[in-house]
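K.L.:
Structure in structure tokens, see below.
The values are calculated or read from the model by the stated rules, or taken from the named source; none is laboratory data. Here the structure is a predicted model, which is why all the values come from computation and not from measurement. Here the Cβ positions follow ideal geometry from the backbone for every residue, glycine too, while neighbour counts run over all protein chains shown.
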Amino acid sequence: MRHREEEITAGQDSFLDIVANIVGILVILLMVVGLRAKNAPVTLSVPGPQQKAAEKDLQDDVASVESLRRQILETSQETQDVLRTKQERYAERGQLALMQSALEHQIQERRGDLDANAKADFDRRQALADAEARLAEARRDRDGVIQQAQGPTRVESYPTPLSKTVSGHELHLQLRGGRVAVIPWDELIAELKAEFRHNAQKLASNGELSDQFGPIGGFRVRYTIRRHDVSMRTYEQTGQGGAVVQLEKFSLLPVDSQLGDTLEDALTDGSELRRALARYRPDRTTVTIWTYPDSFDEFRRLKKELYLAGYAAAARPLPEGVPIGGSPDGSRSAAE
């Protein structure tokens, strides 16, 4: 038993020695670290280019804020000055109104003290003063109108006799979108008559027929023919019965929205318009111009050119979207 106790005591002493050595080592390390920290050199960080730019931007922002603050203060001061001036003007206006009212009241009191003749003279003088004031104002207005007046406006005038129904040759033009298109009217009417004769027999079983043909010269023709049965009363009066086939109406449909030439090109030598006019004598020909609202200015110029060339012109204005056409109940063109 004694030998075992001696072994246990020797082991405890060894453990305590190890712990003491470790503590001593830790103390020495702490002292070394403290000395190094005390003697370590102090390093200053030198700002780089990015940091300098950031500091400059910050300084600029601070300066801008300060400038804006000064502007706000100045604007506020100016606003207060304007309000103060406005209040002073209102007060001054009120004082002037009171003075005017007092003077008018004083004038009326003095007028009441005058006799009849003096009152009449006073009224005449007052009316004269008012008239002179109105005359001066009228003169100022007249001078202003004279100063603002522009130079004389030149108005072109051409002899335009009273319109008369066309009886000779007739040349038809379409004026739309500022473009002039020659309508092959005679060819279209001739083909329409042929279509009428060809389709008249088809109306034996049908009272109405609509069809179209073309294009001819850039236009298609849509037409309607109708059969009209003779009434019994007409048969009794005339002795003629049966049915009559008539053209109800026809319309010209351009195949292109840009049909024809511009007005400038149409008035040049060798254009389609010039060639068409060359086929007709000016003194026996009327030019009928089917004009749409977007070309009224061009119509006035075209009419002037036709007048200078010796042709009579007839205007046929049409609303936008309404095609050129005719019917047995229509009227002939009236030329000037």
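K.L.:
Name, by its number, the condition in (1) at pLDDT 90 or above; (2) under 31 Å from the mean Cα position of the chain (by Cα); (3) closer than 30 Å to Asp211 by Cβ that does not hold for Phe299.
P.N.:
(3)
K.L.:
Separate question: For the list (1) surrounded by 15 or more Cβ atoms within 10 Å (Cβ to Cβ); (2) touching a helix residue (DSSP H, G or I) at 6+ places or on another chain (Cβ under 9 Å); (3) over 26 Å from Ala190 (Cβ atoms), I need the number of the one condition that Arg301 fails.
P.N.:
The failed condition is (1).
K.L.:
If I ask for residues that are touching a helix residue (DSSP H, G or I) at 6+ places or on another chain (Cβ under 8 Å) and of a type outside the set (Asp, Glu), which ones from region 286-298 would you list?
P.N.:
If the condition is that a residue be touching a helix residue (DSSP H, G or I) at 6+ places or on another chain (Cβ under 8 Å) and of a type outside the set (Asp, Glu), then Val287, Ile289, Thr291 are the ones that fit.
K.L.:
Let me ask something else. Residues in region 311-333: is at least one at pLDDT 90 or above, surrounded by 12 or more Cβ atoms within 10 Å (Cβ to Cβ) and of a type in the set (Val, Ile, Thr)?
P.N.:
So far as region 311-333 goes, yes, one or more of its residues are at pLDDT 90 or above, surrounded by 12 or more Cβ atoms within 10 Å (Cβ to Cβ) and of a type in the set (Val, Ile, Thr).
K.L.:
Which condition number does Arg197 fail, the rest of (1) surrounded by 11 or more Cβ atoms within 10 Å (Cβ to Cβ); (2) at pLDDT 75 or above being met?
P.N.:
So Arg197 meets the others, but not (1).
K.L.:
Between a residue in region 188-211 that is over 12 Å from Gln246 (Cα atoms) and assigned by TED's automatic domain parsing to the domain that holds Asp229 and any residue that is small (Gly, Ala, Ser) and surrounded by 15 or more Cβ atoms within 10 Å (Cβ to Cβ), which pairs come within a Cβ distance under 8 Å, given they are 6 or more apart or on different chains?
P.N.:
Leu188/Gly214; Leu188/Gly217; Glu191/Gly214
K.L.:
OK, next. Filter region 242-258 for residues that are assigned to a strand (DSSP E or B) and touching a Gly at 6+ places or on another chain (Cβ under 7 Å); which is farthest from Leu192 (Cα to Cα)?
P.N.:
Here is the first cut: in region 242-258, the ones assigned to a strand (DSSP E or B) are 243-254.
From what's left, touching a Gly at 6+ places or on another chain (Cβ under 7 Å): 249-252, 254.
Details: Lys249: 11, Phe250: 9, Ser251: 11, Leu252: 11, Pro254: 16 Å.
Per the stated criteria, the residue is Pro254.
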